[in-house]
Structure formats: C-alpha cells, structure tokens
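S.K.: Can you keep this structure in mind? I'll have questions shortly.
The values are calculated or read from the model by the stated rules, or taken from the named source; none is laboratory data. Computed from a predicted structure; not experimentally measured. Please note: Cβ atoms are built from the backbone with ideal geometry, for glycine as well, and neighbour counts cover all protein chains shown.
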Amino acid sequence: MSERTFSWELFNKAPLVGIIRNVSPEDVKRILPIYREAGLTTVEITMNTPGATDMIRYALENEHYGLNIGAGTVCTKEDLDAALDAGAQFIVTPVLNKKVVKSCVKKGIPVFPGAYTPTEIFNAWSLGATMVKIYPATALGPGYIKDLKAPMNQLKLLPTGGVSLENMTAFLQAGANGLGIGGQLFDKKLIQDKDWDGLKAHFLQFAQKLA
C-alpha cells in the first residue's frame with residue numbers, strides 16, 4: 001500500500017480522472033509530467049494495460065508530486081491486491097464487486113466502483129463508495145446524472161465513457177462531482193506521433209473547461 005495518500009485538495013482543483021489504457025511505459029513517462037503541467041491532477045492506470053503495476057510503481061516513485069495515482073479496471077480481489085501492492089492511491093472499477101469496495105473502505109482507500117442502474121448506484125454508495133462511477137455514461141448522457149441526483153442528491157457521481165471536451169460542461173452542470181475520461185483525453189494519434197506539445201495543448205483545453 002502507498003504511504004502517500006489520495007489528495008482531495010488536488011482532485012478538487014481539477015475533478016477529472018484521466019484513464020490511461022494500453023499506453024507503453026515509455027509514453028507514460030513522457031505523459032505524466034505534461035499532464036501535471038497542464039493543471040490536471042488525477043490519473044488511473046488500468047490493470048488490463050500490459051505492465052500496469054510497474055507503471056503505477058514508477059509513477060508513485062517519480063511523478064507523485066502534484067498527482068493522484070490510482071488503478072483502474074479493478075474487477076477482482078486479486079486485481080485489488082496487486083494494485084495496492086503497487087501503491088495505488090485510489091481504485092476504480094468498471095463493475096460493482098462488493099468485496100473490492102468493502103476492502104477499500106476498510107483500508108481507507110478511495111474507491112470509485114462502476115454502476116449503471118439506480119439500484120446498483122445506490123447499493124454501491126451504501127457500501128461506502130467514495131464516488132460512484134456511472135459507466136457507461138455514453139448513451140444516457142448528462143440528463144441521466146440530473147435524473148439520478150433529483151431523488152438522491154447525496155450521491156457523488158463520476159460519469160465515465162463518452163465524456164468529451166464537447167459535453168463535459170453539460171455533465172458538470174447536471175451535477176456530476178467529477179468526470180472519468182480516457183481515449184478522448186489521451187489522444188492516440190498525438191501519443192503515436194510523440195507530439196508532446198500538441199498533447200499538452202490538448203490537456204490544457206480540458207483543464208480550462210474545469211476551471
């Protein structure tokens with residue numbers, strides 16, 4: 001487990017969880033400082049990315065200043081143990097696994113479990129989820145967040161999947177407490193072309209929409 005704990009101060013500065021999936025370790029080393037320089041603060045490395053635990057370790061040892069580093073796509077207790085062993089400061093799951101949520105709550109690790117229906121979302125929240133990841137948010141859009149918050153305004157929600165530069169403001173105005181963004185944020189072409197200046201300018205657009 002990480003000696004460094006999740007910083008809410010950092011998250012609240014830029015309430016966005018950037019999702020790094022299937023990016024090479026070399027590129028991750030270049031991306032993390034640029035991400036921070038652009039004013040973004042919280043990033044998850046998905047456990048189904050080759051070498052994920054090594055990348056999480058590297059990030060915590062070399063790039064932890066000004067960043068929250070977590071593990072995503074944590075589906076099982078085994079995934080959780082590996083992520084925490086690597087030092088992940090927070091956990092994100094695509095599904096609701098009670099064992100994973102309860103274990104995180106017990107250890108005091110922020111956990112963002114994935115859920116979709118009102119019942120799943122409320123169950124996740126009741127188990128002690130820090131914030132519930134509404135996944136996939138693509139089809140139902142910002143209106144769904146507003147609808148959920150109307151009867152259950154105590155929920156903290158993190159819509160993920162289909163969140164983009166174009167609709168992120170609408171999600172926040174609908175009541176989202178944060179946003180999870182993957183491919184729209186970590187632009188594949190810019191990364192493939194090693195266009196780090198272009199990637200920083202791209203990140204800055206997201207940071208400015210959050211400001």
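The rows are residues; the columns are (1) within 14 Å of the chain's Cα centre (by Cα); (2) outside any helix (DSSP H, G or I); (3) acidic (Asp, Glu); (4) buried (at least 18 other Cβ atoms within 10 Å of the Cβ).
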{"position": "78", "(1), (2), (3), (4)": "no, no, yes, no"}
{"position": "89", "(1), (2), (3), (4)": "yes, yes, no, yes"}
{"position": "106", "(1), (2), (3), (4)": "no, no, no, no"}
{"position": "120", "(1), (2), (3), (4)": "no, no, yes, no"}
{"position": "130", "(1), (2), (3), (4)": "yes, yes, no, yes"}
{"position": "139", "(1), (2), (3), (4)": "no, yes, no, no"}
{"position": "147", "(1), (2), (3), (4)": "no, no, yes, no"}
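S.K.: Considering only segment 31-41, state which residues are under 14 Å from the mean Cα position of the chain (by Cα) and in contact (Cβ under 8 Å) with a residue 40 or more places away in the chain.
M.R.: Of everything in segment 31-41, those that are under 14 Å from the mean Cα position of the chain (by Cα) and in contact (Cβ under 8 Å) with a residue 40 or more places away in the chain turn out to be 35, 40.
S.K.: Then there is this: Does residue 62 satisfy the criteria of being within 23 Å of residue 179 (Cβ to Cβ) and not aliphatic (A, V, I, L, M)?
M.R.: Against the criterion (within 23 Å of residue 179 (Cβ to Cβ) and not aliphatic (A, V, I, L, M)), residue 62 does not qualify.
S.K.: Does residue 136 qualify as being at pLDDT below 95, closer than 24 Å to residue 52 by Cα and not β-branched (Val, Ile, Thr)?
M.R.: Working: at pLDDT below 95: yes; closer than 24 Å to residue 52 by Cα: yes; not β-branched (Val, Ile, Thr): yes.
Judged against the criteria, residue 136 is a match.
S.K.: Taking the stated definitions as given, is residue 54 closer than 28 Å to residue 22 by Cβ, of a type in the set (Asp, Glu), free of Cβ contacts under 8 Å to residues at least 40 places away in the same chain and surrounded by 17 or more Cβ atoms within 10 Å (Cβ to Cβ)?
M.R.: Spelling it out, it is not the case that residue 54 is closer than 28 Å to residue 22 by Cβ, of a type in the set (Asp, Glu), free of Cβ contacts under 8 Å to residues at least 40 places away in the same chain and surrounded by 17 or more Cβ atoms within 10 Å (Cβ to Cβ).
S.K.: Select from segment 63-107 the residues that are touching a residue at least 40 places away in the same chain (Cβ under 8 Å) and small (Gly, Ala, Ser) and list them in ascending order.
M.R.: 66, 70, 72, 87, 88
S.K.: Could you give every pair whose Cβ atoms fall below 6 Å, whose first residue belongs to segment 1-30 and is within 14 Å of residue 183 (Cβ to Cβ), and whose second residue is assigned to a strand (DSSP E or B) and of a type in the set (D, E, K, R), counting only separations of at least 6 or pairs across chains?
M.R.: 17/44; 19/44
S.K.: Go through segment 19-51 and count every residue that is surrounded by fewer than 16 Cβ atoms within 10 Å (Cβ to Cβ) and not in a helix (DSSP H, G or I).
M.R.: So the answer is 5.
S.K.: Further question on the same structure: Of everything in segment 91-104, what is part of a loop (DSSP other than H, G, I, E, B) and within 16 Å of the chain's Cα centre (by Cα)? Give them in sequence order.
M.R.: First, the residues of segment 91-104 that are part of a loop (DSSP other than H, G, I, E, B): 93-97.
Listed by number, the residues that qualify are 93, 94, 95, 96.
S.K.: Surrounded by 18 or more Cβ atoms within 10 Å (Cβ to Cβ), farther than 25 Å from residue 163 by Cβ and modelled with pLDDT of 95 or more: does that describe residue 16?
M.R.: Taking the combined requirement at face value, the residue does not satisfy it.
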